[in-house]
């Protein structure tokens, strides 16, 4: 369906021009500008065709937009009938939605000053989500429920894929063995993980889902893409971002700055601090299983999963190398900031 036809549903009296947006792995994004110079973000959902998941995401965003946050979040805009998303109607079962636009550019989280700002923003979002009451239950399970989160990838399928690679992945057998070993180690710790405090989390905060200001590249202007927001381990929010900083940039200086920023706003409990390295590995494993499911469902090609396999293995290797340093930084930063602050568990 032409993008103009979708925009017409929102505002039949307005003329729009559409340009490419920075789409990620999962969805298609376009920037729509009307004849008054107002910009909007048009998203085509490619990851799923589930209206309940979109409704939950939009409910969270609408409630967050009412909070006095120092950064923007996308606000879904309503169609004339009040709905905030619409079926494409092209036979694919996909949906589209229109959101508010925030000017900005993607940050460089490897810069310590930026990482500290990211930490503060993630902390403030975590506090806001802790008290938010969605109208419906989350559509996604916590990511530690790997086998249930990705129905096409039960444990035996993941194990078989890693231990007996298909022809297109034979040269990655060492990487897949590393992933398989990490999966087994996580499963052994799962009972303890389930006892940690829970709350709503964004679940995917990294440089690609953040914007910094056009004039101040160290301040977070917006947190984007709440598609995977769900009830999750409270500590998973910083673990996801930290895994990206260390597992991609390999920068301990940026990681320390992030932890300092986050800990100044929303320090973790000792039990959560102890679990952070494990949760950072879980983040890597969850991303791998997500893309394995997309490959097995023929959504992605082998090339996409090959890239994700390499990145997962490299990330796990870096986390192994830096675990002691990360644990030390977490305890030093969080314990120092936690004096006088006591969190109630939300399980």
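The values are calculated or read from the model by the stated rules, or taken from the named source; none is laboratory data. Since the structure is predicted, the reported quantities are computational estimates derived from the model, not experimental observations. With ideal geometry, Cβ positions are generated from the backbone for all residues, glycine too; neighbour counts draw on all protein chains shown.
For (1) more than 28 Å from residue 131 (Cα to Cα); (2) in a helix (DSSP H, G or I); (3) within 21 Å of the chain's Cα centre (by Cα); (4) at pLDDT 95 or above, each residue gets a yes or a no:
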| residue | (1), (2), (3), (4) |
| --- | --- |
| 165 | yes, no, no, yes |
| 170 | yes, yes, no, yes |
| 179 | yes, yes, yes, yes |
| 186 | yes, yes, yes, no |
| 191 | no, yes, no, no |
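Restricting the range 19-45 to residues that are surrounded by 16 or more Cβ atoms within 10 Å (Cβ to Cβ) and over 17 Å from residue 103 (Cβ atoms), the residue that is modelled with the lowest pLDDT is 24. With respect to the conditions (1) more than 17 Å from the chain's Cα centre (by Cα); (2) outside any loop (DSSP other than H, G, I, E, B); (3) at pLDDT 95 or above, residue 148 falls short on a single one, namely (3). The single condition among (1) outside the structural domain of residue 238 (by TED's automatic domain parsing); (2) in contact (Cβ under 8 Å) with a residue 60 or more places away in the chain that residue 66 does not meet is (2).
When the residues of the range 47-65 are filtered to those that are surrounded by 16 or more Cβ atoms within 10 Å (Cβ to Cβ) and under 18 Å from residue 91 (Cα atoms), the one that is modelled with the lowest pLDDT is 47. Scanning the range 63-86 for residues that are in contact with a strand residue (DSSP E or B) (Cβ under 7 Å, 6 or more places away or on another chain) and not in a loop (DSSP other than H, G, I, E, B) gives 72, 76, 86.
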